[in-house]
Amino acid sequence: MLEVKNINQYYGSSHTLKNVSFTVPTGAVTTLLGRNGVGKTTLLNCLMGVLETTSGTIHINGSDVTGQPSYVRARQGVGYVPQGREIFARLTVEENLLMGLATKSKGALSDLPYEIFDMFPVLNEMLHRRGGDLSGGQQQQLAIGRALAMSPNILILDEPTEGIQPSIIKDIGNAIRLLAARGDMAILLVEQYYDFAKDLADHYIILQRGEVIKSGLGEDMDADNVRHYLSV
Ligand SMILES: Nc1ncnc2c1ncn2[C@@H]1O[C@H](COP(=O)(O)OP(=O)(O)O)[C@@H](O)[C@H]1O
Ligand SMILES: [Mg+2]
């Protein structure tokens, strides 16, 4: 599981994350919700070691990774699906997936967990197409497949439904549900799409202006009026 304690982060003099603390348990989906600009992506970049924090600690499966570089965190078993997908447009689907194995010495198709293709058959069908030729939704599936290449025990997704057509949103939702049900993965889902998040969430966290202002059980999201914190 993932444990974040009292994280603070600044862009110059701008205090972006303020004493952020939460836990993402294994075998469940924790959804982090908040409007544009509240600091969601900044927080994920701090978790991944892409951005530095000024204080606080980050533990992955019990070990302290605060101040450790990204590759150490990836090696601890963190899979990251960045906002906007960031797939390699000129590489094939297969090559993109193998990039997910980058921390291993040498990668082959047979090193990839087959579940990736069970979940997203389109990736198998389009293995030799270039990433840039895929639709936005297919690229999102590819980005998730790439994050699953190393069989992570923590999966972090940054707004995976953003700009994606409904049929693929459904496939992505089913995949997340399946991974959570397996019981060995902690999933942190960052979303602004309320219905999607509510459908999947075991736990929720609301971020507002860089602060965790509310958290609770997924089943209480309606009663707790979580939707209110997403509307403009
Ligand atoms: N590289 C950066 N340099 C300075 N400010 C940034 C940078 N990236 C994001 N910000 C600012 O930090 C705040 C949080 O941004 P972000 O984490 O992207 O929010 P979210 O993902 O919740 O939409 C915003 O006000 C944004 O303008
Ligand atoms: Mg963002």
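Read-outs throughout are calculated quantities, based only on the coordinates presented, and are distinct from any laboratory measurement. Remember, predicted model here, so these are calculated numbers, not experimental data. Cβ sites come from the backbone with ideal geometry, for glycine too, and all protein chains shown count toward neighbours.
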Work from the charge dipole of the chain (Cβ charges, +1 for Lys and Arg, -1 for Asp and Glu, about the Cα centre) and give the residue of Phe196, Val29, Thr57 farthest towards its positive end.
Thr57
So, in nm, how far is label Asp222 from label Arg182 when the simple model puts each one 7 Å beyond its Cα toward the Cβ?
3.1 nm
First select every other residue whose beta carbon is under 11 angstrom from the beta carbon of His203; then total the charges, Lys and Arg +1, Asp and Glu -1.
-3
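Looking at the range 100-232 only, what percent of DSSP beta bridges run antiparallel? Nearest 5 please. Intermediate values should be presented prior to the final figure.
Details: 6 of 11 bridges.
Antiparallel bridges make up about 55 percent of those DSSP assigns within the range 100-232.
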Residues with amide H under 5 Å of Ile187's amide H, sequence separation 5 or more or different chain, H placed in the peptide plane at 1.01 Å from N; which?
Gly27, Ala28, Thr30, Leu155
Report ³J(HN,Hα) in whole Hz for each residue of the range 209-217, in order, from the Karplus equation J = 6.51 cos²θ - 1.76 cosθ + 1.60 where θ = phi - 60°; Gly and Pro get x.
6, x, 10, 7, 9, 6, 7, x, 8
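What are the membrane-span-like helices in the chain by this rule: whole DSSP H runs, Cα extent along the axis at least 20 Å, mean Kyte-Doolittle hydropathy at least -0.5?
Span-like helices, by this rule, are 166-182.
Restricting the count to DSSP beta bridges whose residues both fall in the chain, what percent are antiparallel, rounded to a multiple of 5? Can you show the working numbers first?
Values: 21 of 40 bridges.
Percent antiparallel among DSSP bridges in the chain is about 50.
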Reduced to Cα centres, the span from the range 153-172 to the range 195-232 in Å works out to 17 Å
Positive-pole candidate from Gln9, Gly39, Phe120, dipole of the range 1-160, charges at beta carbon
Gln9
What nm value, rounded to one decimal, do you get for the distance between Thr23 and Phe88 when each label is placed 7 Å out toward the C-beta?
3.9 nm
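Rounded to the nearest angstrom and ordered from largest down, what semi-axes does the equivalent ellipsoid of the chain get from its C-alpha gyration tensor (root of 5λ)?
Working: eigenvalues 152, 86, 53 Å².
Result for the chain: semi-axes of 28, 21, 16 Å.
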